[in-house]
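*Asks:* Take this structure first; my questions come after.
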Amino acid sequence: MRVRDVLRAVGVCAGAATLVAVGVACGQAPAPAAPAQDARVHGNLVQVMRGIVYPASNVIFAAQATDPATVKPEGDPSTSPNPLSSSYGGWEAVANAGIALSEAANLLIIPGRLCQNGKPVPIQNADWQMWVQGLRDAGMASYKAGQARSQDAVLEASDVMSTACQNCHDKYREAPGGLPNRC
């Protein structure tokens, strides 16, 4: 046998041994990946709303009246508290706000989150799930509006967002009896 043939045979055998070792040669699926780390709740509902949803929605509302392309960057855009004038400002800020809204919708359905009054967020309620989906849809519409650089699309997205938010606020934030009964 020539050296080249011996090396080829060794390579084939080594490859086959590797496949057998991981079970592929026997028709078995590869071992599953390690499970993703479980989502953890760190803030209550009001904190998520005030820290993520409210600021992101304000970017969308501002883009209704002001063309984001005309917003001048701050003197030091890296420290600007205004997303529209920051390092990632203008239409990119609109797209980013849309993603923030859609991702925040995921946070609103994580089990274990509490309302400001300590009661569990009603994630099992059909209306809650519907309005969270409305927020997610509004976020994606805002993201697409930012990508398209379209104020008309921003107007449509803000209408979807306003409807989802208002429906939820009417039932859960403006509950009769005030804070003890609201979420």
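*Asks:* Considering each of R173, R149, R182 in turn, give the residue that is buried (at least 19 other Cβ atoms within 10 Å of the Cβ) and charged (D, E, K, R).
*Replies:* Just one listed residue meets the conditions, R182.
*Asks:* Taking the stretch 28-62, which residues are at pLDDT below 70 and either over 17 Å from the mean Cα position of the chain (by Cα) or under 13 Å from L108 (Cα atoms) (or both)?
*Replies:* Those that are at pLDDT below 70 and either over 17 Å from the mean Cα position of the chain (by Cα) or under 13 Å from L108 (Cα atoms) (or both): Q28, A29, P30, A31, P32, A33, A34, P35.
*Asks:* Report yes if some residue within the stretch 129-142 is closer than 15 Å to C165 by Cα and β-branched (V, I, T); otherwise report no.
*Replies:* Within the stretch 129-142 (the criterion being closer than 15 Å to C165 by Cα and β-branched (V, I, T)), the answer is yes, since at least one residue qualifies.
*Asks:* Just the residues that are surrounded by 13 or more Cβ atoms within 10 Å (Cβ to Cβ), touching a residue at least 60 places away in the same chain (Cβ under 8 Å) and closer than 11 Å to N44 by Cβ, please, taken from the stretch 108-139.
*Replies:* Those that are surrounded by 13 or more Cβ atoms within 10 Å (Cβ to Cβ), touching a residue at least 60 places away in the same chain (Cβ under 8 Å) and closer than 11 Å to N44 by Cβ: R113, L114, C115, Q116, N117, K119, V121.
*Asks:* Moving on. Does any residue of the stretch 78-87 turn out to be outside any strand (DSSP E or B) and open to solvent by less than 10 Å² (accessible area, probe 1.4 Å)?
*Replies:* Yes, the conditions are met somewhere in the stretch 78-87.
Residue by residue, here is whether (1) touching a Phe, Trp or Tyr at 6+ places or on another chain (Cβ under 8 Å); (2) closer than 24 Å to R182 by Cβ holds:
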site: S87; (1), (2): no, no
site: S102; (1), (2): yes, no
site: N106; (1), (2): no, yes
site: I110; (1), (2): no, yes
site: R113; (1), (2): no, yes
site: N125; (1), (2): no, yes
site: Q147; (1), (2): yes, no
site: E156; (1), (2): no, no
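The values are calculated or read from the model by the stated rules, or taken from the named source; none is laboratory data. As the structure is a computational prediction, the values presented were derived from the model and not from experiment. Cβ: placed from backbone, ideal geometry, glycine included. Neighbour counts: every protein chain shown. Surface areas here come from the heavy atoms of the whole protein model, side chains and all, with no ligands, DNA or RNA. Shrake-Rupley method; radii C 1.70, N 1.55, O 1.52, S 1.80 Å.
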